[in-house]
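No lab work stands behind these numbers, since they all come straight from the coordinates. Bear in mind that the values here come from a model prediction, so they are computed numbers and not experimental data. Note: ideal-geometry Cβ built from the backbone for every residue, glycine included; neighbour counts use all protein chains shown.
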Amino acid sequence: MATCVEGNKVEPLDSDSDTSFLSDVEEVDHMKILRANGVDELQFVDSYFQKDSDASSILTEPADLYNNDCSLNDSSLNDTSLLPWDRLADWIHCICVVTFDLEIGQMIEEIYPSHATLSEQDKTSLCYLAFPDSNSGCMGDTQFHFRIRQNPADSNNGGSQVDLSSSSHSIPKSHSRYNQLCPPAFRTDPSYWWGFAYFRQVKDKNLRRGYFQKSLVIVTRLPFVELFQELMAMIAPEFFVKGSICLEICAKEIDQWPRPVPGLVLNLPLLGTLFQVRIPSFSTTASPSAGTSLTASPSKTSNNSSLRRRCLMATDVDLYSALAPLLSHLQMLWELLLCGEPLVVMATSPSICSHVVQALVNLIHPLQYCLDYRPFFTIHDSEFKEYTGRPSDPPPPVLLGVTNPFFAKALQHWPHIIRIGGDIPSSSAGLKIRASKSNQLGSSKMSECKPGVYTSYKSHLQRDKALLKLIAKGTQTHRPNQVQSALIRRHFLELTQSFIIPLERYFARLMPLQKSISPYKAAPGLSPFKAEEFLASVEHCGPQLTTGVKGDWTGLYRRFLRTPNFESWSQQRHREANKKLRALQMEALSQSDMTSWLQGKREVEVVDMVLRLREKLDATINEEALPISPQIRLHLQSQLDTVLQSLPEDLRSVLKAS
């Protein structure tokens, strides 16, 4: 029976009550709050991160990003000749069983599938992170997740078709295709592993230590927080009863799943439950179910009618449960995350700190949080010395979730600290802002262990009280957590979009005019981004046009422009814009009057045109994300044939043979 997690306790779910789909990451304009039987409910139209026609005019649509070689109808997605574990590797790298040995300490007892490899450093990190860093209060079952920097596998580990550790920069081809359709915030990163752990600690008089301690961990590259937490809540209890045979059964079932494709409703059966999962995409244009709810039609589930159904958004996070005590400070924390400030969350259990860290990262979606963040970080992490440093060193721009009391002293010089004591309190018992004393190295501010937000940061924006009133009303009327989370996400999605739109609008002005694109010359480049010019435009064309939040927007932008978050956003826009310009230049070349151009041209110029046309044709085949239609390819090939026909026979033969 499936289970759900509340705090650090794992409890059984209700029976088939969860058959309707709730997504709180969709566009605001497609969301309605309804009243049914006196209870607030949400109704959504499936429209994930659709691009604004004004703000993102230079961006390509997913249908353009997926060319014929990697479209959703690609035969490789339904290839029946796949080798064993190929589909398993699309979803997870392996499942690790970590136990406690009196002689060694934490150790990996089993890796399934057995041929999946990890570097020795990764194994060590997994062992330490699979157990709570301070587990005195973690009796029973505890569920949490973590993120570690990948280390290259040892050269003597050998290789296999599912070995993702052989290169620190390699990802499966299916993940490359997934990344093309997925919003940047949910893309896989070849430099990191995700671990989803289920730890059990119970008294056992038959063991020398007096306790049974074991953890089951899914290791993957996919940031599907809700999906993998649900899977672990189902797999782990079965494993602790039936042993390794459960892992084999689960692996075989997952190996039959379709590949992870954003925008589609995926039916994923496991241990008698049918998970109907949707992965966020830029648009629903690639989805045959666009405009419908996630609840599948009878025709889609007729073969699985006897299975219990669970409907999920793969990347969702319960924002309300995690952030309720921080509600009055969320706008300030949103600024800190935008500006890449060092931030640490101190809690009493890994389930709490990992939940809060993941929820904070989600606040700035759809913008990608590009700095390193660790939902659960321990003193045994390989980056421990790098991130803690000396009190005299400036803290690194990272977001950490910790539980070990040692960090209260080691990180007391950090400028922004969130301290959560015990279970996450309700919003009515929200945490207080406490003045930071980071300039006093001998300060014992955290030794008191008082819950609160320790910072001296002065917000650039005025607090928007509308969200506080809305959530407070929902608390009084016992509004479901899913609805509360959706309201928080909607608020910050609107706020982040209002923040991004002026940047998008300014960036669109950097694009060259279409009339400057010549079919016979290289594609023109973008004008340089001038920070002061952009900042000057904020006063008249800033977020105040799309949001009621007032304050020093220019000051906030000035800080944001110096962060990796802006650098990543800018690089992504430059890549997309350059691809668009190249595509427009190819289109102009395909429609040009090549016969007229050939008149009076020297032989060397004609040969150069042959080589350029070949290069462009190769680019349309090899670069999957280049938005070129099959018709343009055909026209380019026709232009190439025309140019070749104008050359002498001997030279033409040489060029065709080369």
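Report the extension gain between Ala508 and Ala619 in nm, rounded to one decimal, defined as 0.36 nm multiplied by the number of residues separating them, less their alpha carbon distance. If you can, show how the numbers build up before the last one.
Numbers: separation 111, 0.36 × 111 = 39.96 nm, distance 2.48 nm.
Taking Ala508 through Ala619 to full extension adds about 37.5 nm, to one decimal.
Packing, taken as the mean count of other beta carbons within 10 Å per residue, orders the peptides 389-397, 185-193 from highest to lowest as 185-193, 389-397.
In this structure, the amide hydrogen of Leu270, modeled 1.01 Å from its nitrogen in the peptide plane, lies closer than 5 angstrom to those of Phe275, counting only residues at least 5 positions away or on a different chain.
The 3J(HN,Hα) values that the Karplus relation (6.51, -1.76, 1.60; θ = phi - 60°) gives for the stretch 180-185 are, in residue order, 5, 9, 8, x, x, 5 Hz. Gly and Pro appear as x. Couplings 3J(HN,Hα) for the stretch 580-590, derived from phi with the Karplus relation 6.51 cos²θ - 1.76 cosθ + 1.60 (θ = phi - 60°), are 5, 5, 4, 5, 5, 5, 5, 4, 5, 5, 5 Hz, where x marks Gly and Pro.
Once fully extended, how much extra length lies between Asn404 and His115, figured as 0.36 nm per residue of separation less the alpha-carbon to alpha-carbon distance?
On the way: separation 289, 0.36 × 289 = 104.04 nm, distance 3.41 nm.
Length gained between Asn404 and His115: 100.6 nm.
At a Förster radius of 25 Å, what calculated FRET efficiency corresponds to the Cβ-Cβ distance of Leu271 and Lys203, to the nearest 0.05? Working from the Cβ atoms, E equals 0.35.
Projecting the Cα atoms of Gly210, Cys246, Pro183 onto the charge dipole of the stretch 182-274 (Cβ charges, centred on the Cα centre) puts Gly210 farthest toward the positive pole. For the peptides 333-346, 541-554, the ranking by packing is 333-346, 541-554, with the highest mean count of neighbouring Cβ atoms within 10 Å listed first.
I'd like to compare 514-526, 347-359, 456-468, 260-272: which one has the highest average count of other Cβ atoms within 10 Å, and what's the full order after that?
Working: 514-526: 13.4, 347-359: 26.8, 456-468: 15.0, 260-272: 20.4.
Ranked from most to least packed, the peptides come out as 347-359, 260-272, 456-468, 514-526.
In plain terms, the chain from Asp593 to Asp552 could stretch by 9.4 nm, reckoned as 0.36 nm per residue minus the Cα-Cα distance.
For Tyr211, nonlocal amide neighbours, meaning residues 5 or more places apart or on other chains whose placed amide H falls under 5 Å from its own, are Asp204. Of Lys205/Lys242; Lys465/Lys530; Lys173/Lys530; Lys521/Lys601, which ones are farther than 26 Å apart at the Cα? Over 26 Å apart, Cα to Cα: Lys465/Lys530; Lys173/Lys530. Sequence-distant contacts, meaning Cα pairs under 8 Å at least 6 residues apart, place the relative contact order of the stretch 306-393 at 28 percent.
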